[in-house]
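The values are calculated or read from the model by the stated rules, or taken from the named source; none is laboratory data. Just so it is clear, the model here is predicted, and its values are computed rather than measured. Cβ placement follows ideal geometry from the backbone for every residue including glycine, while neighbour counts extend to all protein chains displayed. Note: accessible area is taken over every heavy atom of the protein model, side chains too, but ligands, DNA and RNA are not part of it. Shrake-Rupley method; radii C 1.70, N 1.55, O 1.52, S 1.80 Å.
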Amino acid sequence: MEKKNIEPLYEVVDDNDNPQGKFSISQIKKDNLIYRLIAVFVFNQEGKLFVQLRSKSKKRYPLHYASSVGGHVEVGESYIDAAKREMMEELGILEELDFICKKKIIYENHPRFVSLFKCITSKNMNLSSEELDGGQFCTVQEINKMIRQNITFTPVFLELFKSLYGENGS
């Protein structure tokens, strides 16, 4: 018997982030529906931000730098619970998270609500080899230099980073 590849379902929301139903990602993209994502900026004790290098096996944005943690909010899951789940999956740590902001971000002509959290850690991270090909702690100035040097970052990271630190990262 042949196994069918069943797409996971995500909660679709309206312009006010109210749940409207559950749809596959292909249906969401086809109908230009809004769904939820999370991002976490993880800082070390020196105030440097960890940017992850996405795995080369990722379908979307392989070998691009991204938020310390990022992912979809699963059906029935809160933003904070999704952030904690993704942090454990990607970095192998759990920390208290502070909510920073929620933004509606449109890229590739598709809208998403993204909730950004932050934390400070001194823990050793156990990076998921399925999700990441590595990463590094950087100052805001170092990240801005990477951006100016055309080192590739994901659109969500760039939008969140610029909204927090401005175009010049000050």
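Which of Lys103/Lys123; Lys118/Lys145; Lys29/Lys102; Lys22/Lys103; Lys84/Lys145; Lys59/Lys123 have a Cα-Cα distance over 24 Å?
The answer is Lys103/Lys123; Lys84/Lys145; Lys59/Lys123.
Non-local amide H neighbours of Phe117 (under 5 Å, H modeled in plane, Pro and chain starts lacking H): which ones?
Long-range HN contacts for Phe117: Ala39, Val40, Phe41, Ile100.
Excluding ligands, DNA and RNA, what is the solvent-accessible area per residue of region 16-170 at a probe of 1.4 Å, expressed in Å²? Provide the component values of the computation, followed by the final result.
Working: 8080 Å² over 155 residues.
I get 52 Å² per residue for region 16-170.
Using amide H atoms built 1.01 Å from N in the peptide plane, name the residues 5+ places from Val73, or on other chains, whose amide H lies under 5 Å from its own.
Here the answer is Arg36, Leu37, Ile38, since their amide H atoms fall under 5 Å of that of Val73.
Taking all protein chains in place and a 1.4 Å probe, what share, in percent, of the accessible surface of region 26-170 do carbon and sulfur account for?
47 percent
How much of the pair distance distribution for the chain lies past 29 Å, counting alpha-carbon pairs only, in percent?
18 percent
Report D for region 96-170 in µm² per second (integer): Stokes-Einstein, Kirkwood Rh on Cα pairs, 37 °C, 0.692 mPa s.
So the translational diffusion coefficient is about 229 µm²/s.
With θ set to phi - 60°, apply the Karplus curve 6.51 cos²θ - 1.76 cosθ + 1.60 along region 119-130 and write out the HN-Hα couplings as whole Hz, x wherever there is a Gly or Pro.
Residue by residue, region 119-130 yields 7, 10, 9, 10, 6, 6, 8, 10, 5, 6, 6, 6 Hz.
Please compute the length gained on full extension between Phe43 and Leu9, using 0.36 nm multiplied by the number of residues separating them and subtracting their Cα-Cα distance.
Between Phe43 and Leu9, full extension yields 9.1 nm more.
Suppose R0 equals 22 Å. What FRET efficiency, 1/(1 + (r/R0)^6) with r the Cβ-Cβ distance, do Ser129 and Ser26 give to the nearest 0.05?
Result of the calculation: an efficiency of 0.25.
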